1. Between the helical axis of 507-523 and the dominant principal axis of the chain, each derived from Cα atoms, what acute angle in degrees is found, rounded to the nearest 10?
2. Provide the per-residue ³J(HN,Hα) series for region 352-366, in order, calculated from phi with Karplus coefficients 6.51, -1.76, 1.60 and θ = phi - 60°, each as a whole number of Hz, with x at glycine and proline positions.
3. Just name one of I175, V586, V99: the one whose Cα is farthest towards the positive end of the charge dipole of the chain (beta-carbon charges, Lys/Arg +1, Asp/Glu -1).
4. Would you kindly state the longest site-free stretch of the chain, with sites defined as GluC sites (Glu not before Pro) in a DSSP loop (not H, G, I, E, B) surrounded by at most 15 other Cβ atoms within 10 Å?
5. Okay, helix-only estimate at 222 nm for the chain: each DSSP H run of n ≥ 4 adds -39500 (n - 2.57), divide by all residues, round to 500 deg cm²/dmol; what do you get?
6. Distance between Cα centroids, region 571-616 to region 144-184: provide it in whole Å.
7. Using only Cα atoms and rounding to the nearest 10 degrees, what angle (0 to 90) does helix 452-470 make with the longest principal axis of the chain?
8. Report the Cα centroid-to-centroid distance between region 408-466 and region 258-324 in angstrom, as an integer.
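Computed from the coordinates by the stated procedures, all read-outs in this text should not be read as laboratory data. These figures come from a predicted structure and were not determined experimentally. All Cβ positions, even for glycine, are placed from backbone atoms using ideal geometry, and neighbour counts span all protein chains on display.
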Amino acid sequence: MEVCEIKMLPALESDGATVHVKVPGPILTYQNIHYCIRESRGLCCKKAPERDILKNVSGIMKTGLNAIMGATGSGKTSLLDVMAGRKDPRGLRSGQVLVDNKLVTSDLRLMSAYVVQDDVLMGTLTVRENLLFSGNLRLPREQFSSADKKKKVESIIEELGLEDCADTKIGTEFIRGVSGGERKRCSIGMELITSPTLLFLDEPTTGLDSNTANSIIALLHRLSRGGRTIIFSIHQPRYSIFRLFDYLTLMHKGETVYAGPAGKAIDYFQSLGYERDAFNNPADFFLDITNGETATSMPTEKSLAELYRESQFCTAVDEELKCITGPSDSLSEAKSKAPSYVTSFSYQLKVVCWRTGLNVVRNPQTSYAQIAMNILFALLIGLVYYQMPLTLPEALQNRIGAFFFLIINMVFGNLSAVELFINERAIFVHENSGGYYRTSVYFLSKVFVDLLPNRIVPILIFSSISYYMMGLNPAFTSFLCFALTVSLVSLAGVSLAFLVSASVSTFAMANILVVLPFVFMMVFGGFLVNLNSMLNWLSWLKWTSIFKYGLDAVTINEMKGLVLYSGNATLPGELYLESQGIDYSVWGFWQNEVALLGIVLVCMTFAYIQLRRINRWK
Ligand SMILES: Nc1ncnc2c1ncn2[C@@H]1O[C@H](COP(=O)(O)OP(=O)(O)OP(=O)(O)O)[C@@H](O)[C@H]1O
């Protein structure tokens, strides 16, 4: 193919208007993009046919504001995602995306940024802390000292007009935070930290009132004048927003029906015979045309997409695209998307642990509620089983009942842990695929800063209150063994819940998936049914039961060496253990702890694998 140079001109120069930029931003071109999806129709149905989402679309995005508009379902977001390399490459049947005439590689990706539609910010952190988090992880430490990063954050706060809310928390469902517009500006700031020259935004004004939407687009307009190519999808902008657009791509059913200077779009459609009411908003006018709600005075058999292909605008795009050569193996290149990191593993771990810690401390419903619930439950169990006697039959019945009761609480008390990851799923996917940190860093910070302290500290408080209230074996080592066992039981429950939360994306599904194994384990725990009397082919299930290991360990810890009284007769606790087939040797006790630790490690390993397997494509 003949090679000729692409004109590095700002978008409107050919239009007579001038975009005053000293250094133009990158030029993004996409050629013959054909994208399909295959919708799943359930397990029993045959393979669903493919549906075309983008039908051989081509275009050029230049310095300035490049808006993609169209009715809902027209393919705006899909086009944006294909350009940004965020759409699953398996659906790409043909076409390539080039930036400044080069294939999009990980280096090129570093100069671009993507602002997702639903703001993915840590709600418990302030605007400044969120921006600093992004800066710490995405600016190379060799080039930026801590002071430089702080300076950069301050300049972004100033550039985006966030000074007044810089120290306000973003907000969660429990904390009232910044406004929608400030949230959106903070999301944009998170991406601007790397000074990207190519910025993608998915519907940046959705959910905002018209004045806030106006200020966001005015901000993007200002940023584009600093030499940036800004590409975004947008729904029905008002006129004052529309007139800031430099370049417009109008989509309809996966095809382009107009691509050219935004200022010329009205004239183009009027030249096709569509009459515009003087007070009609241009965006509404275009949508009325594509939806067939405005009739043309020049009826034709041709579709809007065909008319566009015959227009001078399409010819101009084709002419420019002819000058572009790109390697033919763009598809395979696109598939090998490997995020690159600018900071080391240990530094990422430090920064992510800092954020996780702040989030835990500022999230009272997780940390304080856990402690309060455990104190309350310890008092309850302590009062119900207060200073258990050594006389039979209460001595035995109460002890075994108390142990079963507390093990149930330790396991089911962790049902809330399914929220652990589901709540942060969108943030993790965005940050991990955006090159903030490695999956292992997120996983380790979650385990060591959130999961372990949040479960261990309340359990230690629980054990100290309930153990002595119940009047169990007063030896301190026995107390330690008891605390260790209930901690491990709790951790095993929480790891299973974490595994489930890393595997599914909805609470409803997670709740079902976590309750089922818990109930099964409870049945095979040894309290509700005598495990020795069970059918052989079923009895192996007891080896998977957190309840069995927990119950056996606390029972051995208490009954070994205990003397019970029945009238004048005495009964050693070991006799009860033998009758239940519980091995009360030293190893017999510790094998339960080892098994619980094994369950924790296996669940954690699978949870990590699931985190790595999460689909990052849109
Ligand atoms: N991953 C996917 N799985 C299933 N369908 C998809 C997928 N991606 C896109 N689609 C379908 O492709 C069509 C275009 O979707 P897209 O999100 O690009 O439209 P849109 O113009 O951005 O719409 P909206 O304004 O409503 O967001 C829709 O019918 C959508 O359901």
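1. The answer is roughly 20 degrees.
2. Listing the rounded values in order: 5, 5, 4, 5, 4, x, 4, 5, 5, 5, 8, 10, x, 5, 9 Hz.
3. Value: V586.
4. 311-618
5. -15500 deg cm²/dmol
6. 46
7. It is inclined by approximately 20 degrees.
8. When both Cα centres are located, 53 Å separates them.
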